[in-house]
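I have placed the structure first, in the form of structure tokens, so that the comments after it can refer back to it.
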Amino acid sequence: MLVGFRVQNWRSIKNEASFSMLASQERQHGERLKKIDKYRFRLLPTALIFGGNAAGKSNFIHALSFMRDFILNSPQAHQGIPGYSPYRFDEATTNGPSEFEIEVLIDDYIYRYIFSINAKSVLKEKLVKVLTTREQILFVREGKERLYLDESYQGNESQRLQFVFQGTQENELYLSNAIDQNVELFRPIYDWFAKQLVIINPTSQLLSHKEASLNVCNQYMQLLDTSVKRLEFKEVSRSFIPREIFEDITKDMPINTSYSVVNFTGERFSLWKNDDNSIDVQLLFSFHEGADGKEYQLNFVDESDGTKRLYDLLPAFVGPNNYSTIIIDEVDRSLHSVITKQLFSFFLEKSKLCFDQQIIATTHDLQLMTQDLFRRDEMWIFERRDNGTILIPLSDFEDIRYDKDIRKSYLEGRMGGIPQIMLPLPEIEDCE
């Protein structure tokens, strides 16, 4: 579970921007919070990020995406830091450093992981395990010069960790190299990024459409009035997928495993590897009931953008899936407000019964800015100012009562985070 995330000097974010999933003291919708008695705090199941265009919402998610990708994919030696993107409207920040910090709850322990970079190298790196009475600093890395280890690492274990550090490139994270060298001590935080965090962009999907998931989608597609009676994968020729792409996807595919694939036209495929190493290729179709009562088949790619987006997001909201933290950029893209709101309602009802997942989403849909469904500490405003993007939780506004229409205050500009239209507008020439 995500506890908090902090980033500084990244794209539109110049100064430190901190985001937290810790619940405040307010009581509203308290029944769905996850109580962590060990640390005496409560975690939120969801957070919504509002803000005008170019306010930095997507850049904030990009920062988290970069952090994940940098951990999981070490760059080549002498390649620098691919994707390094500091705040570029100030000479002091253009050449770094950029800093990232995350806190996550893994197996009832909080881990805090921090690193700072410039265009060429990793400047600092630190991993901390937060205990109930103290913090255990597992390692501190300072560039290529030195590595400090927790005193519990002794003898051969300490020597091996130092040896791994000596082989860590200047543009590579020590955490990443340690995992590559089969050091299991730091695996919990690495595996959280690899297996528990998923980021869904406006044009991507949650690749988790197995049989159980497809059954859930069939149920909810009808509930949400899409006119789709059911969905079904049907076997097709592998020629539907370009040979180079097919071979690249399946060359290291484990036996009895399924992969989801979307081709360049948007068709959805499921690949299954059998015991004899053969690959079954299936294409997704939707079925509708005609006025004559008969069932008609449609290639799912020909469905509306909203129906396709709903299919892509349903596993995140109603499961099943294996992720603990799901980040969705532009959750409302192509979806009606009623549908988006209902998806969150489904998810939050599930959270009351079993809190095992978080959803964090950016949105422009102000129908979601309601205390009927969300707590104030679950709603954030991102605002672009002269010194970059700032983050403000609605719980910081002390005058917001639990029964207040916060949409009205937001649209009146009392909370920031709305476009500042420059008036008067330029004159429009008459058409001749």
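Structure notes:
- Counted residues, the stretch 358-379 - those being crowded, with 17+ Cβ neighbours inside 10 Å and either of a type in the set (Lys, Arg) or more than 16 Å from His29 (Cβ to Cβ) (or both): 7
- Counting only strands (runs of 3 or more DSSP E) wholly contained in the stretch 1-69, no element carries 2 or more residues that are surrounded by fewer than 16 Cβ atoms within 10 Å (Cβ to Cβ).
- Count - residues of the stretch 46-90 that are within 25 Å of Arg384 (Cβ to Cβ), within 17 Å of the chain's Cα centre (by Cα) and hydrophobic (A, V, I, L, M, F, W, C): 10
- The single condition among (1) without any contact (Cβ under 8 Å) to a residue 60 or more places away in the chain; (2) under 23 Å from the mean Cα position of the chain (by Cα); (3) crowded, with 17+ Cβ neighbours inside 10 Å; (4) farther than 12 Å from Cys217 by Cβ that Val281 does not satisfy is (2).
- Taking each residue of the stretch 55-76 that is under 14 Å from Arg6 (Cβ atoms) and looking for partners that are of a type outside the set (S, T, N, Q) and assigned to a helix (DSSP H, G or I) with beta-carbon atoms closer than 8 Å, six or more apart or interchain, yields Met67/Phe193.
- Cβ-Cβ contacts under 6 Å between residues 6 or more apart (or on different chains), taken from a first residue in the stretch 4-17 that is in contact (Cβ under 8 Å) with a residue 60 or more places away in the chain to a second residue that is aromatic (Phe, Trp, Tyr), are listed as Phe5/Phe19; Val7/Phe100; Asn9/Tyr87; Lys14/Tyr87.
- Within the stretch 341-366, the set of residues being in contact (Cβ under 8 Å) with a residue 40 or more places away in the chain and of a type in the set (S, T, N, Q) comprises Gln342, Ser351, Gln357, Gln358, Thr362, Thr363.
- For the stretch 109-128, a residue qualifies if it is out of contact with any strand residue (DSSP E or B) (no Cβ under 8 Å at 6 or more places or on another chain) and either touching a residue at least 60 places away in the same chain (Cβ under 8 Å) or not polar (S, T, N, Q) (or both), and the qualifying residues are Ala119, Lys120.
- Take the conditions (1) in the same structural domain as Leu314 (by TED's automatic domain parsing); (2) surrounded by 15 or more Cβ atoms within 10 Å (Cβ to Cβ); Asn201 misses just one of them, which is (1).
- Test: residue in the stretch 136-150 that is more than 26 Å from Gln196 (Cβ to Cβ), of a type in the set (Phe, Trp, Tyr) and in a strand (DSSP E or B): yes
The values are calculated or read from the model by the stated rules, or taken from the named source; none is laboratory data. No experiment lies behind these values; they were computed from the predicted model shown. Note that each Cβ is placed from the backbone with ideal geometry, even for glycine, and that neighbours are counted across all protein chains shown.
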